[in-house]
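Inspection log for the structure reproduced underneath, given as structure tokens.
The values are calculated or read from the model by the stated rules, or taken from the named source; none is laboratory data. Keep in mind that this is a model prediction, so the values were computed, not measured. Glycine also receives a Cβ, built like all others from the backbone with ideal geometry; neighbour counts cover every protein chain displayed. For the accessible areas, the whole protein counts, side chains as well, though only heavy atoms, and no ligand, DNA or RNA atoms are used. Shrake-Rupley method; radii C 1.70, N 1.55, O 1.52, S 1.80 Å.
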Amino acid sequence: MSIDESALAQLRSTLAADDYDLAVTDTGTDVRVSIIAGPAACEDCLVPKPLMRGVLHKALGVPEDTITLIYPGED
């Protein structure tokens, strides 16, 4: 799988405004995306997972069903 690094950088920049970051791991068959909350993170700023998966699909250029999304506080 090939991740669009430019789009990923733009998404990281958008999330950073609310004190979030992304940890992205491409296993070759799927992509694991952990959203990391900083100390000043806006608790109400993250969109619901189905919508975020769609955003990640478009931004990363990978199929939506290959994205495992982990929000802060989840393992």
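Give segment 29-39 a look and list any residue that's assigned to a loop (DSSP other than H, G, I, E, B), open to solvent by less than 80 Å² (accessible area, probe 1.4 Å) and over 16 Å from GLU64 (Cβ atoms), or say none. Steps first, answer last, please.
First pass over segment 29-39, keeping only residues assigned to a loop (DSSP other than H, G, I, E, B): 29-30, 38-39.
When the remaining residues are screened for being open to solvent by less than 80 Å² (accessible area, probe 1.4 Å), the result is 30, 38.
Once the filter is applied, which keeps residues that are assigned to a loop (DSSP other than H, G, I, E, B), open to solvent by less than 80 Å² (accessible area, probe 1.4 Å) and over 16 Å from GLU64 (Cβ atoms), segment 29-39 yields only GLY38.
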- Scan segment 40-68 for residues that are among the aliphatic types (A, V, I, L, M) and either open to solvent by 60 Å² or more (accessible area, probe 1.4 Å) or within 15 Å of ARG12 (Cβ to Cβ) (or both) and jot them down. ALA40, ALA41, LEU46, LEU51, MET52, VAL55, LEU56, ALA59, LEU60
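If we keep just the residues of segment 8-28 that are in a loop (DSSP other than H, G, I, E, B) and modelled with pLDDT under 90, which is farthest from CYS45 (Cα to Cα)?
Taking segment 8-28 as the starting set, the residues that turn out to be in a loop (DSSP other than H, G, I, E, B) are 17-19, 27-28.
Then keep just the ones that are modelled with pLDDT under 90; that gives 27-28.
Numbers: THR27: 28, GLY28: 30 Å.
That would be GLY28.
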